1. Out of all the residues in segment 41-62, which are modelled with pLDDT of 90 or more and open to solvent by 90 Å² or more (accessible area, probe 1.4 Å)?
2. List, please: which pairs have Cβ atoms under 8 Å, are six or more places apart or on different chains, and start with a residue in segment 25-40 that is at pLDDT 95 or above and end with one that is in a loop (DSSP other than H, G, I, E, B) and aliphatic (A, V, I, L, M)?
3. Output yes when any residue across segment 87-94 is touching a strand residue (DSSP E or B) at 6+ places or on another chain (Cβ under 9 Å), farther than 30 Å from A18 by Cβ and of a type in the set (G, A, S), and no when none is.
4. Residues being of a type in the set (A, V, I, L, M, F, W, C) and over 17 Å from I116 (Cβ atoms): count how many of those fall in segment 17-32.
5. Can you spot a residue in segment 68-77 that is among the small types (G, A, S), closer than 24 Å to K45 by Cβ and either surrounded by 16 or more Cβ atoms within 10 Å (Cβ to Cβ) or over 17 Å from the mean Cα position of the chain (by Cα) (or both)?
6. Among the residues that make up segment 137-158, is at least one of them under 19 Å from L26 (Cα atoms), at pLDDT below 95 and outside any loop (DSSP other than H, G, I, E, B)?
7. When segment 99-124 is examined, which residues are found to be in contact (Cβ under 8 Å) with a residue 40 or more places away in the chain, open to solvent by 10 Å² or more (accessible area, probe 1.4 Å) and outside any loop (DSSP other than H, G, I, E, B)?
8. Just give me the residues in segment 3-27 being open to solvent by 60 Å² or more (accessible area, probe 1.4 Å), within 27 Å of K81 (Cα to Cα) and within 16 Å of the chain's Cα centre (by Cα), in sequence order.
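The values are calculated or read from the model by the stated rules, or taken from the named source; none is laboratory data. Worth saying up front: this structure is predicted, and the values here are computed from it rather than measured. Here Cβ is always computed from backbone atoms with ideal geometry, including for glycine, and neighbour counts include all displayed protein chains. Remember, those area values only see protein heavy atoms, side chains included, never the ligands or the DNA or RNA. Shrake-Rupley method; radii C 1.70, N 1.55, O 1.52, S 1.80 Å.
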Amino acid sequence: MRALRFNHVSIPAVDLEASVKWYEELFGVTRLPAPNFGFNVGWLKLGDMQLHIFQHECDANRYAHFGLDVDDFEAVYIRAKQMNCLANDAFNKHHLFETPSGQLQLYIRDPAGNLIEVNWPDVTSVDRNVVKDIRRLADIHAQNEINRKALLSIGAAQTEQ
């Protein structure tokens with residue numbers, strides 16, 4: 001017996017409707033029907049997975065996060081800047097990093113303070129005139145051979161290892 005994949009991630013929100021609206025506006029997700037749990041919940045469709053948001057008074061963790069792949073990194077980056085939700089408080093006091101393998105990680109926070117990592121597979125495919133503030137992890141922390149092989153998504157390259 002083994003787990004096959006994630007089917008959803010669940011996060012808290014102080015104001016459920018404000019959080020749902022934020023995810024709809026930034027990521028174009030759609031709301032799904034959700035059961036009545038006796039408290040407010042919102043279920044959102046992200047590809048073939050779901051994001052579950054529940055209204056609850058609690059602090060978001062500084063480092064705990066979930067990662068999302070997007071179809072237009074530059075558009076999400078521009079919109080996140082406009083929405084003033086870049087997370088400079090999470091890792092290395094910055095919000096946008098290039099991994100040693102050439103992928104991008106953009107850290108943002110939702111209205112409840114939850115940390116989200118927006119991933120992009122190829123730094124060379126973004127317009128540096130638009131996305132200007134990329135920091136290379138290799139310039140901040142030494143990277144060894146294994147570190148340089150790390151990939152953000154499990155694709156053909158990682159399943160063969």
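1. K45
2. E25/M83; L26/M83; F27/V70
3. no
4. Count: 1.
5. Within segment 68-77, not a single residue is among the small types (G, A, S), closer than 24 Å to K45 by Cβ and either surrounded by 16 or more Cβ atoms within 10 Å (Cβ to Cβ) or over 17 Å from the mean Cα position of the chain (by Cα) (or both).
6. no
7. Q105, Y107, R109, E117, N119, W120
8. Selection gives H8, S10, E24, E25.
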